[in-house]
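What follows is one structure encoded as structure tokens, with my remarks underneath.
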Amino acid sequence: MNAEESVELEQLMFVEEPMDGDEPRVHPAWLPPEAFRSLGARRVLLHGEGLLVDTVLNEVSRACARYGGRVWHSPSWDVDVDLVLALRDAGELPNPAVEAARAAGEAALVELGDGGTLGDEGFVLARAGDVTAVLADAPAGLLYGLFHVVRLCAAAFDPARPPKRHRPALRRRMLNHWDNVAVHPVMGQVERGYAGGSIFWRDGRPRGDLARVREYGRLLASCGVNAISVNNVNVARTEALLLTERLGDVAEIADVLRPYGIRVHLSVSFAAPVVLGGLPTADPLDEAVRVWWAAATRRVYDRIPDFGGYLVKADSEGQPGPFTYGRDHADGANLLAEALAPHGGVVHWRAFVYNHHQDWRDRSTDRARAAYDHFAPLDGRFRTNVVVQVKFGPVDFQTREPVSPVLAAMPATRVAVELQVTQEYTGQQRHVCHLGPWWSEVLRFTPWGPGGRTIADVVTGEAAAGGGMVAVANVGDDLFWTGHPLAQANLYTFGRLAWDPRADPTAILDEWITLTFPPSATADAELVRRTLHEIMDDSWRTYERYTAPLGVGFMVNPGDHYGPGVDGYEYTRWGTYHFADRDGVGVDRSRASGTGFTGQYPSYWAQVYESPETCPDELLLFFHHVPYGHVLHSGSTVIQHIYDTHFAGVEEVTAMRRKWQALTGMIDMSVYERVAERLDEQVRCATEWRDQINTYFFRKSGVPDERGRDIY
Ligand code: GCW
């Protein structure tokens, strides 16, 4: 690409001006102006009123100004249009073609036969004559409908397009920011953040770049996210003050995100009545404590009327909680739920509770058991505005873990599944690791056995009353939002899966590619699409191949969790061990001879996981300690599998890097270069993983590689 072309490409892809005079320009992620070309070239009529309708108007106006289209807001005269976005109760328009398109949408809803309800966020898209109509009952539905039209590009105007209703499966689709207000001495500004500083906070104060926050809200709305928490679940002194003295800082964020339909939640300290209120106790059954929370919560709602609620990490990794007072987690969660209930708020109460002062010599304590042991007995005791938020796996966001049995153990509780978009254990946004397929596997898992209900069903709940999906966010103040430009796809995919947990992750990735690298802005759109799929589709499995084998987990460097550290956690207090010796490796979690963790699953999986003969290969070492010569279902032995996958993983990463090189000149140069640089690091790091893991197991087992490759 010559310099002129590169300037042109940049104009197509970047917003024209820095969002704030002092701030650098930010990559538009999956909403480059060019993605709005199809919409912006059309004649659009918007009908209805409301804050979010104004947002839609703003979006459409910008697109039309750029690409020559036109926009009218509830005109009192007849106009010729290609697209109408209308609230259903906004009254008639003096326009027969538009009314015909509206009637087509209404007819489609009647045909659905369930009253055709759209809810607060749904919409229907229909065609009549030459007009496409998007109808919604509420402004948020129009906003989601608008972004759907953007995603569809020209297909939204295809005369043959059948009408379709769209509604989110999950009511709450939430991101948790582990952002610290004050820089933490070890964890920094963002705990487990791999994309620079926080977009909200800097050095103990609000960052003040609300334009960027607004842009973030726009990105989130366009993929369906409707809630965020703005501070780390580890709540230190400064962060605790957000609930009281510094509530104004939270309100500012809420004001900026409101036009995009996003509600703000806050992580709070369970000890707040003591730390902030000066009470002698935070005992959940103490009357003064209840009064304190009620008053504090009322003040929050006075300031932020649509405040979402609280997020709590209690009795976990040093955070205060109800155990201090001899109470359980239902007592704790219900205390906050009671304070939030009059205002319609919810408390997200995390189930990530375990003993982090374990003795590695003790093989009977099993961290994987902890969440179930603490929470399953409490089923039925939580108030209806409590959501118990459960990490998807029983240990900790590993590259491969079984699905947490807690998700199937609390039928009388609203449970949410918690995913990690920030790539703490999956390459820290230096490695390409597209997580859509992994999340989708989790959501499709059937805890009661094949053909039964799925995790998606559990978190959806009856009448959409389930706890929804939550994920730890991966953005920062980085130019590309996510450090690795391709990690933007994980954020996008999370939102889309939270809207529809049954969606196909490859199709979602395809949407992301089309939006982020619009075909009209590249010389060879097919090459770009194919290359991105080749690099990203299977990248999570590639990552799995060159890191910890067969579900054993935790072979990372202690502290930063990046790179190989095979024995890094083996003799620590964290409860994450692999027990490799000269004969074998893995954790015996069977009922027969191990920790009994398999017994936490409903009977089908309890049986499957119980025996090494039936346990799926990819989870074998999570559930069993087996000899190196154990033969897998694949026909390979455990030791040979380790060697083969590690050699294969590095070859795949090398191939990724080669494929990426084919895109020189095809896409924005700054994206190209950032990814190229990170792929170099991925090759380096994967090689290190391969050599350390292979060498470690060769030295332990003494078994040579059948194919005689280099092991040290
Ligand atoms: O994975 C671990 C992380 C901690 C994190 C904790 C949690 C916020 O290493 O940094 O703390 O999980 O989920 O609470």
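Derivation of every value follows stated rules applied to the coordinates shown; laboratory data play no part. Small disclaimer: the values here were computed from a predicted structure and weren't measured. As a convention, Cβ positions derive from the backbone with ideal geometry for all residues, glycine included, and neighbour counts pool all protein chains shown.
Numerical summary
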| read-out | value |
| --- | --- |
| Only Lys, Arg (+1) and Asp, Glu (-1) charged, at Cβ; the stretch 93-216 dipole about Cα centre in debye | 400 debye |
| Cβ-based exposure ranking for Thr542, Thr460, in which fewest neighbours within 10 Å come first | Thr460, Thr542 |
| Per-q log10 I(q)/I(0), the stretch 320-360, q = 0.27 Å⁻¹ (Debye; single scatterer per alpha-carbon; no solvent) | -0.98 |
| Centre separation in Å (Cα based) which lies between the stretch 571-599 and the stretch 316-372 | 24 Å |
| Label-point separation in nm, Ala100 to Asp80, each point 7 Å along Cα→Cβ | 1.4 nm |
| Full-extension gain in nm, Ala507 to Asp710, via 0.36 nm per residue minus C-alpha separation | 69.2 nm |
| Environment charge at Pro322 (Cβ cut-off 9 Å; Lys +1, Arg +1, Asp -1, Glu -1) | -3 |
| Sorted by Cβ density within 10 Å, fewest first, the residues Glu651, Glu673 | Glu673, Glu651 |
| In sequence order, calculated HN-Hα J values of the stretch 649-656 (Karplus, 6.51, -1.76, 1.60; Hz; x Gly/Pro) | x, 5, 4, 5, 5, 4, 5, 4 |
| Convex hull projection area averaged over all views, the chain, Cα basis, nm² | 31.3 nm² |
| Cα→Cβ-extended label distance, 7 Å offset, between Glu49 and Ala525, nm | 4.0 nm |
| Kirkwood estimate for the stretch 229-381, i.e. one over the average of 1/r between Cα atoms, Å | 16.2 Å |
| Long-range HN-HN contacts of Arg263 with modeled amide H, under 5 Å | Ala227, Ile228 |
| Distance between the stretch 215-233 and the stretch 671-694 - C-alpha centres, whole angstrom | 30 Å |
| Cα-based helix-to-principal-axis angle, 247-257 vs the chain, degrees rounded to 10 | 60 degrees |
| Net charge dipole size for the stretch 632-712 [Lys, Arg +1 and Asp, Glu -1 on Cβ; Debye, nearest 20] | 120 debye |
| Fully extended contour minus Cα-Cα distance, from Asp560 to His357, at 0.36 nm per residue | 71.2 nm |
| Most to least packed among 322-332, 610-620 [average Cβ atoms within 10 Å] | 322-332, 610-620 |
| Summed residue charge, Cβ within 11 Å of Asp538's Cβ, Lys/Arg positive, Asp/Glu negative | -2 |
| Helix 51-67 vs. the chain, principal-axis angle (Cα, 0 to 90°, nearest 10) | 80 degrees |
| Amide H contacts of His184 (H built 1.01 Å from N, under 5 Å, at least 5 apart or other chain) | Gln189 |
| Cβ-defined net charge surrounding Asn226, 9 Å radius [Lys, Arg +1; Asp, Glu -1] | +3 |
| Taking all pairs of distinct alpha-carbon atoms in the stretch 598-637, Kirkwood radius in angstrom | 10.4 Å |
| Gain in span if fully extended, Asp538 to Ala463, counting 0.36 nm per residue against the direct Cα distance | 23.6 nm |
| Point-charge dipole on Cβ atoms (K/R +1, D/E -1) for the chain, about Cα centre, debye to 20 | 880 debye |
| Partners for Lys391 among lysines (Cα-Cα distance below 26 Å; same-chain residues under 8 apart left out) | Lys313 |
| Structure-based [θ]222 nm, the chain - -39500 (n - 2.57) summed over DSSP H runs of at least 4, per residue, nearest 500 | -11000 deg cm²/dmol |
| Likely footprinting exposure, Ser440, Ser269, Ser364, fewest C-beta neighbours within 10 Å first | Ser364, Ser440, Ser269 |
